[in-house]
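Visitor: Please read through the structure below; I'll follow up with questions.
The values are calculated or read from the model by the stated rules, or taken from the named source; none is laboratory data. Here the structure is a predicted model, which is why all the values come from computation and not from measurement. Cβ coordinates were reconstructed from backbone atoms using ideal geometry, including for glycine residues, and neighbour counts include every protein chain displayed. SASA here: full protein model, heavy atoms, side chains in, ligands and nucleic acids out. Shrake-Rupley method; radii C 1.70, N 1.55, O 1.52, S 1.80 Å.
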Amino acid sequence: DPPKADRIVTMMVEIPMGRMEKLEVNKETEFNPIKQDTKKGKPRYYKYGVPFFNYGMLPQTWENPAKKDQAGHSGDGDPLDVMEIGSRQLPTGSVVQVKVLGIYSLIDQGEVDYKIIVINKDDPLASSMHTEADIDAAVKDRLADWLKMYKTAEGKAVNELTNDEMEGPLKAMSVIKETYNYWKEGRENGKI
């Protein structure tokens, strides 16, 4: 695994723990504000249950739709998603240093949509969490269930995880570095 200091990254919080509004960075609006997502002009909410994690994104990453994973799935065209599993609610728009613990690879409508699992480096639980093995099995089960099932409350199909077991920080950091390079290349070439 990478040294612990190399597994600290910066997260921007979009949806605080316990909030149902589907908030996200708006890539099409100047300065990329965080806005409530809409569908057919109506605000969107999570309907599967109250999120037990803080949800956000990693700035300066891009899941490039022109690149495919080993199974042939394209990136979803968004920054990497992050699920922070600490003990505190983090406010929308906050920028937080987080420790990378693991990763789930979600397949959403044929596109790979990685979910980086992290903990706020200043959370009381952070000193005892270093890899996916340090996360309680019940928390991992709830994360996997949420990722597979949250869209079913809207009448959509169950999402697919490439592996029900969370992969560790080595895989997560590899994906973060790869998507940072895609972001850098996309910025240089005017694609994003």
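Visitor: Run down the aspartates and glutamates and flag those whose C-alpha is under 16 Å from the C-alpha of Lys156, throwing out any fewer than 8 positions away in its chain.
Guide: Straight-line reach from Lys156, under 16 Å: Asp108, Glu111, Asp145.
Visitor: DSSP loop (so not H, G, I, E, B), at most 13 other Cβ within 10 Å: list which GluC sites (Glu not before Pro) in the stretch 124-192 pass both filters.
Guide: For GluC sites (Glu not before Pro) across the stretch 124-192 that sit outside H, G, I, E and B with at most 13 neighbouring Cβ atoms in 10 Å, the list reads Glu165.
Visitor: Between the DSSP loop rule and a limit of at most 16 other Cβ atoms within 10 Å, which trypsin sites (Lys or Arg not before Pro) in the stretch 1-55 are left?
Guide: In loop regions of the stretch 1-55 (DSSP not H, G, I, E or B), the sparsely surrounded trypsin sites (Lys or Arg not before Pro) are Lys27, Lys40, Arg44, Lys47.
Visitor: Another question, then. Rounded to whole Å and sorted largest first, what semi-axes of the equivalent ellipsoid does the C-alpha gyration tensor of the chain yield via the square root of 5 times each eigenvalue?
Guide: Rounded to whole Å, the semi-axes are 22, 21, 18.
Visitor: Round to a whole number: what % of the accessible area of the stretch 97-165 belongs to carbon and sulfur, probe 1.4 Å?
Guide: 45
Visitor: Quickly estimate the mean residue ellipticity at 222 nm for the chain, helices only: each DSSP H run with n ≥ 4 gives -39500 (n - 2.57), and the total goes over all residues, rounded to 500.
Guide: -5500 deg cm²/dmol
Visitor: Next question, about the same structure. Among the chymotrypsin sites (Phe, Trp or Tyr not before Pro) within the stretch 24-94, which fall in a DSSP loop and have no more than 12 other Cβ atoms within 10 Å of their own Cβ?
Guide: The qualifying sites are Phe31.
Visitor: On to the next question. Got a sec? Charge dipole of the stretch 62-192, +1 on Cβ for Lys and Arg, -1 for Asp and Glu; which of Met173, Asn159, Gly186 is way out at the positive end?
Guide: Ranked along the dipole, the leading option is Gly186.
Visitor: Going through the cross-link list Lys148/Lys171; Lys42/Lys171; Lys27/Lys121; Lys140/Lys191; Lys40/Lys191; Lys40/Lys99, which pairs have a Cα-Cα distance over 32 Å in this structure?
Guide: Lys42/Lys171; Lys140/Lys191; Lys40/Lys99, as the Cα separations exceed 32 Å there.
Visitor: OK, next. Using the Kirkwood radius over Cα pairs, work out the Stokes-Einstein diffusion coefficient for the stretch 134-189 at 20 °C and 1.002 mPa s, in µm²/s as a whole number.
Guide: Value of D from the Cα-based Kirkwood radius: 157 µm²/s.
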